[in-house]
Amino acid sequence: MQNTHYQRFELLVFDWDGTLFDSTAAITRSIQLAVKDVGGTIPSTEQAAYVIGMALGPALARAAPDVPKEKYPELSQRYRYHYLRQQEQLSLFDGILPMLHQLRERGHKLAVATGKSRLGLNQVLEQEAQLRPLFDATRTADETAGKPHPLMLQELMAELDVPPEGLLMIGDTTHDLYMARNAGCASVGVAYGAHDPTGFADCQPLFTAANVAQLQQWLLEQA
């Protein structure tokens, strides 16, 4: 479909967990159970949720500071075990799929920048097969630098030939929003994911959406 709408942003980059995918509670619980399994101090729900969006290794180290480094491989394995037991019950937030289709029809390029591993993202894209053709490119934390380092966005801009001012990052954590700032790009926060949106102010997002419907409306009107 030919795009007749003025585009402020050519490329819209979405975080995955807590932004597109309703997985925050499952990830938080999996972190807590993994830390318990290896004998560490179980992090609070807030502490576990804070690390969502980071690469798995640094995330688990932050969530379990008293777990010795030699136990990190076991900690990662236990996290994956608990998360995979829940993965098939998880799904996209209501309204995400039609929103992405509308944005594609408007002519936007769409991409994903996630703290998931490549294996993890590929698994969930197979589970949500209707999503794969909607994205022009994806980046995962294990194949580049983890958030809030800007490398994921820099690589996406290079691959899709988009300048920093043409990219908008959409995410539910300060890791996402700081990554956008570090890359010289604009951002939009969502308040229905892992981080309390009162912490977004320093990141200066253009907007914070309370729900998917608000996000869709803002993107269609302002992006």
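A prolate overall shape is assigned to region 74-128, the ratio a/c of its alpha-carbon gyration tensor axes (a ≥ b ≥ c) being 1.5 or greater and a/b exceeding b/c. Stretching Asp202 away from Asp66 to a fully extended chain increases their span by 46.0 nm, per 0.36 nm per residue minus the current alpha-carbon distance.
Each label was represented as a point 7 Å from its Cα along the Cα-to-Cβ direction; for Arg85 and Asp142 these points are 2.1 nm apart. Here the residues Thr114, Thr198, Thr28, Thr45, ranked from fewest to most Cβ neighbours within 10 Å of their Cβ, fall in the order Thr198, Thr45, Thr28, Thr114. Compactness of region 24-87 is given as radius of gyration and Dmax, 10.0, 28 Å, from Cα positions. P(r) tail for the chain: Cα pairs beyond 24 Å make up 40% of the total. Each residue of region 7-14 was assigned a 3J(HN,Hα) from its phi angle through the Karplus expression (A = 6.51, B = -1.76, C = 1.60, θ = phi - 60°), giving 9, 7, 10, 6, 10, 10, 10, 10 Hz with x at Gly and Pro. Under the simplified labelling scheme, the Leu125-Gln77 pair shows an inter-label distance of 2.8 nm, with each label point 7 Å from Cα along Cα→Cβ. Binning all Cα-Cα separations of region 147-216 at 5 Å, short to long from zero, yields these whole-percent fractions: 4, 20, 29, 22, 15, 9, 1.
Counting only Cα atoms, region 95-223 measures 34, 31, 28 Å along its principal axes, largest extent leading.
Computed from backbone phi, the HN-Hα couplings of region 201-211 come to 4, 5, 7, 6, x, 5, 6, 10, 8, 6, 7 Hz, rounded to whole numbers (Karplus: 6.51 cos²θ - 1.76 cosθ + 1.60, θ = phi - 60°; Gly and Pro given as x). Of interest is the spacing of the C-alpha centroids, which for region 40-81 and region 198-222 amounts to 29 Å. Using a cut-off of 24 Å between alpha-carbon atoms, which lysines can reach Lys109, once sequence neighbours fewer than 8 places away in the same chain are excluded? List returned: Lys147. Region 43-152 has equivalent-ellipsoid semi-axes of 29, 16, 13 Å, by the square roots of 5 times the alpha carbon gyration tensor eigenvalues, sorted largest first. Compute the Cα gyration tensor for region 142-183, then decide on rounded, prolate or oblate, letting a ≥ b ≥ c be the square roots of its eigenvalues: rounded whenever a/c is under 1.5, prolate when a/b is larger than b/c in the other cases, and oblate in all that remain. Because a/c hits 1.5 or more and a/b fails to exceed b/c, region 142-183 counts as oblate. A Förster radius of 41 Å, combined with the Cβ-Cβ distance separating Phe135 from Glu46, puts the computed FRET efficiency at roughly 0.85.
Quick note: the coordinates plus some simple rules give every number you see, no bench work behind them. Here the structure is a predicted model, which means the values were calculated and not measured. Neighbour counts run over all protein chains shown; Cβ positions are idealised from the backbone, glycine included.
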